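Everything below concerns the one structure shown next.
The values are calculated or read from the model by the stated rules, or taken from the named source; none is laboratory data. A quick note: this is a predicted structure, and the numbers were derived from the prediction, not measured. Cβ placement follows ideal geometry from the backbone for every residue including glycine, while neighbour counts extend to all protein chains displayed.
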Amino acid sequence: MRRYYVTTFGCQMNAHDSERIKGVLEELGLGEAPAADEADVIVFNTCTIREKPDQRLAAHLGNAAALKRRRPDTVVAVGGCYAEAQRERIFERYPFVDVAFGPGTIRHLAEWLGAGGAGVARHAFGTADERRFSAELPTQRDRLVQAWVQVSMGCNSVCSYCIVPRVRGREVSRRPGDILAEVTALARHGVREVTLLGQNVNSYGRDLAPDIDTGFAELLRAVDRVDGVERIRFTSPHPKDFRPNVIQAMAECAAVCEHAHLPLQSGSTHVLKRMRRTYSRERYLRLVDELRGAIPDLALTTDIIVGFPGETEQDFRATLEVVEEVGFDGAFTFVYSPRSGTEAAEMHDQVPDEVKRDRIERLVELVQQIAAARNQARIGRIEEVLVESPSRTDPTMLRGRTRRNTTVNFAGAAAPGELVPVAITSSTSTTLRGTQEALVAA
């Protein structure tokens with residue numbers, strides 16, 4: 001049997017796409033290899049939102065080229081956002097690549113690779129106007145009791161730093177009946193938690209009107225009614241589209257978790273305007289108050305970019321102030337990197353690298369301090385944990401997540417998919433530790 005290996009870069013959407021890629025390869029008769037150097041078909045599912053994934057991909061492709069020189073029959077495929085962004089140059093830049101495909105053309109892999117992955121159509125590339133949702137494709141899920149469900153693809157926002165609309169196209173919402181059919185099937189197969197995915201997930205449904213009158217709030221309520229689904233998450237929302245009816249649905253739907261990932265990007269209204277984020281610092285903080293007013297135990301996480309063109313020390317301090325005022329439970333922090341074809345890449349007031357490095361260090365330190373304090377406040381509580389697997393660091397412990405999306409390593413006796421009460425005994429800035437309550441009582 002020929003074997004494949006998939007390397008995934010980037011966001012949850014890419015991780016979801018990789019499950020579909022694996023499903024297509026399995027249906028072609030390939031088995032999964034434990035490492036790239038043991039595979040006959042090597043697939044890179046790429047990200048190009050920031051510079052670092054590009055650099056990592058270049059290193060991986062260098063290794064793949066060396067492997068192909070030793071074993072010429074090895075097939076190398078590059079998919080995802082980088083492939084879409086570089087569609088005119090990828091085969092020229094990397095002539096050893098056999099197949100490239102954008103995020104919306106995964107279904108072409110089967111015809112390009114053929115049975116067993118042997119019938120390669122060299123230098124193949126699907127076209128952007130062929131984008132389709134991949135739900136009808138076979139899937140090879142890496143997680144037994146959790147699943148991603150794509151509800152939309154593409155983005156209509158015009159953030160000045162972002163390449164997503166170029167590589168994933170304009171926003172298209174999936175029909176609600178198709179989404180509910182997938183969620184229902186997942187629940188029948190033992191999935192307890194679903195995460196609804198979209199580049200701008202809470203603007204879902206606007207392109208379906210007037211034929212279909214289902215917005216994101218209505219979608220949350222519909223998924224909440226599916227038997228067997230115990231937890232619902234979603235990512236990533238845009239603050240400008242977080243409407244009152246969505247907040248109300250979050251508060252009223254039993255399965256919707258007490259967690260929201262709410263990208264800030266900057267705490268400076270001046271920088272937000274240059275980013276074309278369409279909200280101000282004040283509007284963001286009002287939204288935080290509204291969310292916490294409706295859902296008091298809400299956990300908030302965020303994305304923050306430092307060193308955006310024109311960001312002054314005063315702008316950066318405004319970001320630190322918002323981080324302190326909100327008290328995020330966690331944050332993905334990034335140094336701005338120019339992306340070719342975006343408005344921000346052409347701005348003349350780029351921030352020097354040494355200033356960016358200083359600011360990211362100061363931001364990360366503050367984020368970790370706040371997250372550590374918020375996790376420490378959970379000590380002594382009983383948290384409901386969805387069991388996922390043995391702990392990655394200690395196989396004698398179990399690992400799972402709270403409804404607030406915090407990882408817990410705990411002593412217990414439970415199977416993946418069970419919801420168990422865990423008494424929290426200690427914490428770090430990123431995890432909690434505890435003991436299953438039944439064991440404590442015993």
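Taking into account only those residues within region 76-98 that are surrounded by 24 or more Cβ atoms within 10 Å (Cβ to Cβ) and aliphatic (A, V, I, L, M), which is farthest from Glu19 (Cα to Cα)?
So in region 76-98, the residues surrounded by 24 or more Cβ atoms within 10 Å (Cβ to Cβ) come out as 77-84.
When the remaining residues are screened for being aliphatic (A, V, I, L, M), the result is 77-78, 83.
Values: Ala77: 15, Val78: 15, Ala83: 18 Å.
Selected residue: Ala83.
Each residue in region 356-390 was checked for being surrounded by fewer than 19 Cβ atoms within 10 Å (Cβ to Cβ) and assigned to a strand (DSSP E or B), and 4 of them qualify.
Of the residues making up region 161-189, those that are surrounded by fewer than 21 Cβ atoms within 10 Å (Cβ to Cβ) and either in the same structural domain as Arg274 (by TED's automatic domain parsing) or in contact with a Pro (Cβ under 9 Å, 6 or more places away or on another chain) (or both) are Gly169, Glu171. Against the definition (polar (S, T, N, Q), within 23 Å of the chain's Cα centre (by Cα) and within 21 Å of Arg362 (Cα to Cα)), how does Thr269 come out, yes or no? When the stated conditions are applied, Thr269 does not pass them.
Pick from region 391-422 the residues that are hydroxyl-bearing (Ser, Thr, Tyr) and assigned to a strand (DSSP E or B): which of them is surrounded by the fewest Cβ atoms within 10 Å (Cβ to Cβ)?
Pass one, region 391-422, residues hydroxyl-bearing (Ser, Thr, Tyr): 391, 393, 396, 402, 406-407.
Filter once more, so that each one left must be assigned to a strand (DSSP E or B): 402, 407.
Working: Thr402: 21, Thr407: 17.
Residue satisfying both the conditions and the ranking: Thr407.
Here Ala59 meets the list (1) of a type in the set (Gly, Ala, Ser); (2) closer than 30 Å to Met275 by Cα; (3) at pLDDT 85 or above; (4) not assigned by TED's automatic domain parsing to the domain that holds Thr195 almost entirely, failing just condition (2).
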